[in-house]
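These notes concern the structure reproduced below.
The values are calculated or read from the model by the stated rules, or taken from the named source; none is laboratory data. Predicted model, so just to flag it, every value in this text is computed and none were measured. Methodologically, a virtual Cβ is constructed for each residue, glycine included, from the backbone with ideal geometry; neighbour enumeration extends over all protein chains shown.
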Amino acid sequence: MQTKKNIQRHEQGFALLISLIVVGVVLSVGMTILDLSIKQVRLSTSSRDSETAFHASNAGAECARYWRREKSDTPDQENTDAMVLGEDVDVSCFGSDEIDISPESGQNEPKITVGTGKSYLYKYEFTWGAGNDRCTKINTIVTTADIDSPGPVLIANIKTLIPSYPEDTTECEPGSQCTILSSRGYNKPCPAGEGAFGYGTVEREVLLQF
(Lines give C-alpha, C1' and ligand atoms only; values in the text may rest on other atoms or scores of the structure.)
Protein backbone atom coordinates (compact mmCIF):
# COMPACT_ATOMS: atom_id res chain seq x y z
CA MET A 1 0.00 0.00 0.00
CA GLN A 2 2.83 2.36 0.88
CA THR A 3 4.62 1.47 -2.36
CA LYS A 4 1.59 2.38 -4.47
CA LYS A 5 1.33 5.77 -2.76
CA ASN A 6 5.00 6.45 -3.43
CA ILE A 7 4.53 5.57 -7.11
CA GLN A 8 1.54 7.94 -7.38
CA ARG A 9 3.59 10.76 -5.79
CA HIS A 10 6.42 10.15 -8.26
CA GLU A 11 3.98 10.15 -11.19
CA GLN A 12 2.41 13.43 -10.00
CA GLY A 13 5.85 15.01 -9.68
CA PHE A 14 6.80 13.80 -13.16
CA ALA A 15 3.55 15.18 -14.64
CA LEU A 16 4.24 18.55 -12.98
CA LEU A 17 7.76 18.59 -14.45
CA ILE A 18 6.46 17.77 -17.93
CA SER A 19 3.81 20.49 -17.61
CA LEU A 20 6.45 23.05 -16.63
CA ILE A 21 8.65 22.02 -19.56
CA VAL A 22 5.74 22.26 -22.02
CA VAL A 23 4.70 25.66 -20.65
CA GLY A 24 8.33 26.84 -20.90
CA VAL A 25 8.61 25.68 -24.52
CA VAL A 26 5.29 27.30 -25.45
CA LEU A 27 6.32 30.58 -23.79
CA SER A 28 9.72 30.47 -25.49
CA VAL A 29 8.15 29.88 -28.91
CA GLY A 30 5.58 32.59 -28.25
CA MET A 31 8.22 35.12 -27.20
CA THR A 32 10.31 34.27 -30.27
CA ILE A 33 7.32 34.80 -32.57
CA LEU A 34 6.50 38.07 -30.80
CA ASP A 35 10.10 39.26 -31.14
CA LEU A 36 10.14 38.40 -34.84
CA SER A 37 6.83 40.21 -35.34
CA ILE A 38 8.14 43.36 -33.62
CA LYS A 39 11.33 43.28 -35.72
CA GLN A 40 9.24 42.83 -38.86
CA VAL A 41 7.12 45.86 -37.98
CA ARG A 42 10.24 47.93 -37.29
CA LEU A 43 11.83 46.80 -40.55
CA SER A 44 8.66 47.64 -42.46
CA THR A 45 8.48 51.09 -40.85
CA SER A 46 12.18 51.72 -41.53
CA SER A 47 11.75 50.68 -45.16
CA ARG A 48 8.75 53.01 -45.56
CA ASP A 49 10.62 55.94 -43.99
CA SER A 50 13.69 55.26 -46.14
CA GLU A 51 11.55 55.17 -49.29
CA THR A 52 9.84 58.44 -48.30
CA ALA A 53 13.21 60.14 -47.69
CA PHE A 54 14.66 58.87 -50.98
CA HIS A 55 11.60 60.00 -52.90
CA ALA A 56 11.94 63.45 -51.31
CA SER A 57 15.62 63.70 -52.25
CA ASN A 58 15.16 62.40 -55.80
CA ALA A 59 12.20 64.69 -56.48
CA GLY A 60 14.17 67.62 -55.06
CA ALA A 61 17.09 66.89 -57.38
CA GLU A 62 14.78 66.92 -60.40
CA CYS A 63 13.18 70.18 -59.31
CA ALA A 64 16.54 71.85 -58.60
CA ARG A 65 17.95 70.71 -61.96
CA TYR A 66 14.85 72.08 -63.69
CA TRP A 67 15.32 75.51 -62.13
CA ARG A 68 19.06 75.46 -62.73
CA ARG A 69 18.82 74.65 -66.43
CA GLU A 70 15.47 75.99 -67.56
CA LYS A 71 14.02 78.67 -65.33
CA SER A 72 16.90 80.82 -64.09
CA ASP A 73 16.89 83.32 -66.98
CA THR A 74 16.57 86.97 -66.06
CA PRO A 75 13.42 88.59 -67.50
CA ASP A 76 15.32 91.46 -69.12
CA GLN A 77 18.24 89.43 -70.51
CA GLU A 78 16.99 86.45 -72.44
CA ASN A 79 19.21 83.36 -72.27
CA THR A 80 21.32 84.89 -69.49
CA ASP A 81 21.59 82.56 -66.50
CA ALA A 82 20.68 84.45 -63.32
CA MET A 83 22.40 81.90 -61.08
CA VAL A 84 25.65 82.36 -62.99
CA LEU A 85 25.33 86.11 -62.40
CA GLY A 86 24.59 85.61 -58.70
CA GLU A 87 21.14 87.19 -58.90
CA ASP A 88 18.05 86.43 -56.85
CA VAL A 89 15.76 83.80 -58.34
CA ASP A 90 12.21 82.64 -57.62
CA VAL A 91 11.73 78.89 -57.30
CA SER A 92 8.77 76.64 -56.61
CA CYS A 93 8.74 72.87 -56.10
CA PHE A 94 5.96 70.34 -55.58
CA GLY A 95 3.14 72.82 -56.12
CA SER A 96 4.32 75.20 -53.39
CA ASP A 97 4.25 78.98 -53.53
CA GLU A 98 7.30 80.59 -55.12
CA ILE A 99 10.09 81.61 -52.79
CA ASP A 100 12.78 84.17 -53.50
CA ILE A 101 16.32 82.97 -52.85
CA SER A 102 19.58 84.90 -52.84
CA PRO A 103 23.08 83.45 -53.11
CA GLU A 104 24.91 82.92 -49.82
CA SER A 105 27.71 85.27 -48.85
CA GLY A 106 30.28 85.23 -46.10
CA GLN A 107 31.77 82.08 -44.60
CA ASN A 108 29.13 79.69 -45.92
CA GLU A 109 29.90 80.07 -49.59
CA PRO A 110 32.18 78.36 -52.13
CA LYS A 111 35.64 79.89 -52.44
CA ILE A 112 37.62 80.23 -55.68
CA THR A 113 41.24 79.79 -54.65
CA VAL A 114 42.93 79.30 -58.04
CA GLY A 115 42.10 80.87 -61.41
CA THR A 116 39.54 83.57 -62.11
CA GLY A 117 35.78 83.25 -62.08
CA LYS A 118 32.75 83.47 -59.81
CA SER A 119 30.97 80.95 -57.62
CA TYR A 120 27.63 81.17 -55.80
CA LEU A 121 25.68 78.98 -53.39
CA TYR A 122 21.87 78.80 -53.52
CA LYS A 123 20.08 77.13 -50.59
CA TYR A 124 16.38 76.44 -50.23
CA GLU A 125 13.99 73.90 -48.73
CA PHE A 126 10.40 72.72 -48.97
CA THR A 127 8.03 70.82 -46.70
CA TRP A 128 5.61 68.90 -48.88
CA GLY A 129 3.77 65.63 -49.51
CA ALA A 130 0.49 64.25 -48.23
CA GLY A 131 -0.03 65.95 -44.91
CA ASN A 132 3.33 67.74 -45.26
CA ASP A 133 5.12 64.60 -44.12
CA ARG A 134 8.48 65.11 -45.86
CA CYS A 135 11.22 67.70 -46.31
CA THR A 136 13.65 68.45 -49.12
CA LYS A 137 16.75 70.62 -48.60
CA ILE A 138 18.69 71.74 -51.68
CA ASN A 139 22.19 73.21 -52.00
CA THR A 140 23.31 74.31 -55.46
CA ILE A 141 26.85 75.57 -56.16
CA VAL A 142 27.10 77.41 -59.49
CA THR A 143 30.58 78.34 -60.78
CA THR A 144 31.74 80.17 -63.89
CA ALA A 145 35.38 79.95 -64.94
CA ASP A 146 36.50 82.92 -67.04
CA ILE A 147 37.49 82.04 -70.58
CA ASP A 148 40.81 83.86 -70.10
CA SER A 149 41.55 82.22 -66.74
CA PRO A 150 45.22 81.19 -66.56
CA GLY A 151 44.12 77.69 -65.64
CA PRO A 152 41.22 75.68 -64.21
CA VAL A 153 39.29 77.41 -61.45
CA LEU A 154 39.72 75.59 -58.14
CA ILE A 155 36.58 75.70 -55.98
CA ALA A 156 37.19 75.13 -52.25
CA ASN A 157 35.05 74.88 -49.08
CA ILE A 158 32.73 72.35 -50.73
CA LYS A 159 32.54 69.85 -47.85
CA THR A 160 31.50 72.65 -45.50
CA LEU A 161 28.49 73.24 -47.75
CA ILE A 162 27.87 69.65 -48.91
CA PRO A 163 29.41 67.27 -46.32
CA SER A 164 28.81 64.17 -48.44
CA TYR A 165 30.83 65.52 -51.39
CA PRO A 166 33.88 63.25 -51.83
CA GLU A 167 36.48 66.06 -51.80
CA ASP A 168 36.74 69.56 -50.40
CA THR A 169 37.85 71.01 -53.75
CA THR A 170 37.01 70.55 -57.41
CA GLU A 171 38.03 72.12 -60.71
CA CYS A 172 36.11 73.99 -63.38
CA GLU A 173 37.80 74.39 -66.76
CA PRO A 174 38.23 77.89 -68.31
CA GLY A 175 35.12 79.00 -70.20
CA SER A 176 32.93 76.44 -68.41
CA GLN A 177 29.90 76.66 -66.16
CA CYS A 178 30.00 74.00 -63.43
CA THR A 179 27.17 73.01 -61.09
CA ILE A 180 27.24 70.83 -57.97
CA LEU A 181 23.79 70.01 -56.65
CA SER A 182 22.88 68.29 -53.38
CA SER A 183 19.28 67.30 -52.63
CA ARG A 184 18.64 65.83 -49.16
CA GLY A 185 15.30 64.23 -48.43
CA TYR A 186 13.74 63.48 -45.03
CA ASN A 187 10.74 61.50 -43.83
CA LYS A 188 9.60 64.40 -41.63
CA PRO A 189 8.67 68.07 -42.15
CA CYS A 190 11.48 70.64 -42.25
CA PRO A 191 12.14 72.04 -38.76
CA ALA A 192 11.43 75.72 -38.22
CA GLY A 193 14.39 78.09 -38.31
CA GLU A 194 17.64 76.42 -37.32
CA GLY A 195 15.85 73.64 -35.44
CA ALA A 196 16.95 70.02 -35.66
CA PHE A 197 15.01 67.00 -36.84
CA GLY A 198 13.52 64.76 -34.15
CA TYR A 199 14.12 61.10 -33.27
CA GLY A 200 13.48 58.58 -36.04
CA THR A 201 14.39 60.91 -38.91
CA VAL A 202 15.77 59.22 -42.03
CA GLU A 203 17.94 61.18 -44.48
CA ARG A 204 18.71 60.29 -48.08
CA GLU A 205 20.73 62.38 -50.51
CA VAL A 206 21.17 62.68 -54.26
CA LEU A 207 24.30 64.39 -55.63
CA LEU A 208 24.50 65.75 -59.17
CA GLN A 209 27.43 67.42 -60.92
CA PHE A 210 27.33 68.85 -64.44
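General remarks:
- Filter result (hydrophobic (A, V, I, L, M, F, W, C), closer than 21 Å to Pro191 by Cα and crowded, with 21+ Cβ neighbours inside 10 Å) within the range 129-141: Cys135, Ile138
- Any hit, the range 106-120, residues being surrounded by fewer than 19 Cβ atoms within 10 Å (Cβ to Cβ), of a type outside the set (Ser, Thr, Tyr), under 30 Å from Asp49 (Cα atoms) and without any contact (Cβ under 8 Å) to a residue 24 or more places away in the chain: no
- Residues of the range 181-210 satisfying the condition of being touching a helix residue (DSSP H, G or I) at 6+ places or on another chain (Cβ under 7 Å) and not in a loop (DSSP other than H, G, I, E, B): Leu181, Ser183, Arg184, Gly185, Tyr186, Glu203, Arg204, Glu205, Val206, Leu208
- Residues satisfying the stated conditions in the range 178-210, i.e. among the aliphatic types (A, V, I, L, M), over 28 Å from Lys111 (Cβ atoms) and surrounded by 18 or more Cβ atoms within 10 Å (Cβ to Cβ): Val202
- Boolean, Ser149 is among the hydroxyl-bearing types (Ser, Thr, Tyr) and either at pLDDT 95 or above or assigned to a strand (DSSP E or B) (or both): no
- Some residue of the range 144-156 being closer than 25 Å to Phe54 by Cα, aliphatic (A, V, I, L, M) and crowded, with 18+ Cβ neighbours inside 10 Å: no
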